[in-house]
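Read the figures in this text as sums done on the coordinates, not as results from a lab. What you are looking at is a predicted structure, and each value in this text was computed from that prediction instead of being measured. So basically every Cβ, Gly included, is an ideal-geometry build from the backbone, and we count neighbours across all protein chains shown.
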Amino acid sequence: MHTASDSGGRHLRWPTRGISFGGDYNPEQWPEEVWQRDVELMREACVDFATVGVFSWARLQPTPDTWDFGWLDRVLDLLHDGGVRVDLATATASPPPWLTTAHPEVRPVDERGYRYEIGSRQTWSPSSPIYRDRSLVLVEKMATRYGGHPALALWHVSNELGCHNSRCYSPDSARAFRRWLQRRYGDLTELNRAWGTTFWSQHYSDWNEVVPPAASTTFGNPTHLLDWRRFCSDALLDQYLAEREVLRRITPDIPVTTNFMVGMGSPQSLAGDMNYAQWAPEQDLVSTDHYLVGPATGDGATHHRLSFSADLTRGIAGSRPWLLMEHSTSAVNWQPVNRAKTPGEMLRNSLAHVARGADGIAFFQFRASDAGAEKFHSALVPHAGTDSARWREVVQLGAVLRRLEPVAGSRVEAPVGVLFDWESQWACEQDGHPSRLMQPMAIAERAHHAFSGVTCDVIPADADLSRYADLSRYAVVVVPAVYLCSDEDAARIEAAARAGAQVLVTAFSGIADRDDHIRLGGYPGAFRDLLGVRTEEFFPLGADETVALDDGTAARIWTEYLTVSEDVEVLARHTEGHLQGVPALTRRPVGDGAAWYLATVPDTQSWTRIAEAICAAAGLDLHAGQHADVEIVRRRGENGSWLFVLNHTTEKVTVEVSGTDLVTERVVDGPLTLEPGSCAVIREDSADTGARTRKADA
Ligand code: GLA
């Protein structure tokens, strides 16, 4: 059985057969005569999955004492008759104006004390008891009314929890923060120790003195700030858990999820405010939303960022299949300039997610709105209607996904594990660090990019690495600027090297413990012995500065004064400046493997060269003849194996494969030429057939 969850002895079904396909469906925006037509169009496009009711609270409960479920009853019946499985929202995402008018204290407060006005969405404080109470009444009503409806396949708690309201500094939040700290530390003595409050006369003598770190005179206390980020994530997770508890009590057999925003960040934070490594184990199936941000080509190209985010989603899902709850058929409407997708790009994006473990592809939203804040956002049915290239591509995508049905449930093969730690990223977003340019998530993305010729898992390095992955299964383990590291995780990383992995640690890893206290005696404290190196001082570089190493590397962002022990091989040294002759890339044999240290941030070419050397030592062929912008990923399951080949270039490329291409339904045995921007999914005759690519004209 294709399961959504088998954790805790619960065997819950995946919402649909095969790869789910659909999106947010908001029929309340349209007169009822449109609904029947919508379901006909869903059938035409093989849509079998719809998320319903996300922003329906005000429609379902128009006043405190009146409820209106009739319209939603009819929507669910229609969808069921049309063969569409429903991901039903608890509808708690946006409280109606009557609630936030009657109870202004529900609305979140920013760091300068301003209480947000109504008029947008998600205007609720994660720590508001009134919001919690009223939202759970709604969840109970939804679960009771629809728990037995045959269309119901999945519960969708709230929506993108924390998208706009993750940091609230209200009095409710201050009280909840203190309770959270009391649970974490027990007493003020322990809090004062963890926060290092002897510095700057910050000693606390009464719990009421402890407040959220709102705007103040200058830099805040680092551990106070880090705990605040932990608390804010936990406060939102609590809302999820409270809703889930109601749902599980009433409908124990229906899986529950909430849609994450993995890799999307926020205006304030590269990694966002929710530590999804901690949220994921609470989901019956992990779902996430992903929108393209950034340039279409170059180093930060959107397809590289998409693959990092998809691999991280699979990482937090413990390698199990996950669901892409939202992406866009074309342009979004929330960037300064909203680029429309080129022909074939939507299929390519969708297949990239499937390649990396998604067993469902959904979009915001089914029918493009004619009014409201998102009226210029693309949809499956565009403003132009069905006589449009966009709709024809949607129908084509539905047909391709239907042919991929046997892929569902299979797993992605990845010989490289790249660690990523939300808390390290949060710590490095603070003021008072050696360089603002040293951002762990950006470094992890660069490392992932360098190894993209072989597939990488991105593994959460959150408190207990062993919760997510057994590092011994990787030929290569990358530790990219994992700034905070526990002794236990440092030992796990060392054990992976002893067992035979090539472990690459990059600069600014293992610097502090989980309280954000520096590990003394020379950097990088947690990995000094493993690497056989000792750094006395950092010498960060300016944004436009580079320094040359003797292996041709252009070092950026970061350098350090490093000495090495006798059993360490120096692979690159500084050629100039006061660090001339100082090692910057080293390798130490450890057990059956090795520990490499990269004491800087290399340019792209050098990154690739370093990845090549590490892969060679691990017996992996990094490129397998591959063009850097041709994505090749294999999924393997009980029913066989599938090779996804995505040509992100503007040239034809030729791939050597053997099997049936499920995109074109053609049998291939030997060279397959892919047009610019096109894709193939090869059902392989033999999974041992490696893929070799070259430019068609080469
Ligand atoms: C988010 C939300 C959706 C919609 C889209 C637009 O993902 O969940 O409701 O606003 O963004 O891109």
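Things worth noting here:
- Over all other residues within a Cβ to Cβ distance under 13 Å of ALA384, the charged ones net out to 0, with Lys and Arg as +1 and Asp and Glu as -1.
- For LEU285, the residues whose amide H sits under 5 Å from its own are VAL256, ignoring neighbours fewer than 5 places away on the same chain, with H placed 1.01 Å from N.
- Rounded FRET efficiency, nearest 0.05, which uses the C-beta distance separating HIS164 from ASP529 and R0 of 60 Å: 0.85
- Spin-label model, ASP431 to ASP299: label points 7 Å out along the Cα-to-beta-carbon direction sit 2.8 nm apart.
- Compactness of segment 541-698 was expressed as the Cα radius of gyration divided by 2.2 N^0.38 Å, which yields 1.37.
- Normalised per residue, the volume of the convex hull around the Cα set of the chain (Å³): 160
- For ALA358, net neighbour charge (Lys/Arg +1, Asp/Glu -1) across residues whose Cβ lies under 13 Å away: +1
- Computed about its Cα centre, the charge dipole of the chain is approximately 740 debye, with only Lys, Arg, Asp and Glu carrying charge at their Cβ.
- Candidate cross-link partners of LYS652 among the aspartates and glutamates, defined by an alpha-carbon separation under 17 Å and a same-chain spacing of 8 or more, comprise GLU345, ASP629, GLU631, ASP661, GLU675, ASP697.
- Under the combined filter of DSSP loop state and at most 16 neighbouring Cβ atoms within 10 Å, segment 349-394 retains these chymotrypsin sites (Phe, Trp or Tyr not before Pro): PHE376.
- In loop segments of segment 387-470 as defined by DSSP, the trypsin sites (Lys or Arg not before Pro) with at most 16 further C-beta atoms inside 10 Å of their C-beta are ARG436.
- Distant alpha-carbon pairs in segment 286-405 (separation over 20 angstrom), percent: 42
- Reduced Cα scattering model of segment 1-140, Debye log10 I(q)/I(0), q = 0.09, 0.10 Å⁻¹: -0.37, -0.45
- Ordering of 569-577, 230-238 by packing is 230-238, 569-577, highest average first (other Cβ atoms within 10 Å, averaged per residue).
- Available extension along the chain between ASP464 and TRP71 is 136.8 nm, counting 0.36 nm per residue and deducting the alpha carbon span.
- The simple Förster model, with R0 at 60 Å and r as the Cβ-Cβ distance, assigns HIS517 and GLN605 a FRET efficiency of 0.95.
- Its relative contact order, with pairs defined as Cα atoms under 8 Å and 6+ residues apart, puts the chain at 10 percent.
- Extending 7 Å from the Cα toward the beta-carbon at both ARG175 and GLU536 defines two label points whose distance is 5.5 nm.
- Note on the chain: antiparallel DSSP beta bridges, both residues inside, total approximately 55 percent of the bridges counted.
- Cβ-based net charge around ALA151, under 15 Å, with every Lys or Arg adding one and every Asp or Glu removing one: -1
- R0 of 22 Å, Cβ-Cβ distance THR217-TYR114: FRET efficiency to nearest 0.05: 0.70
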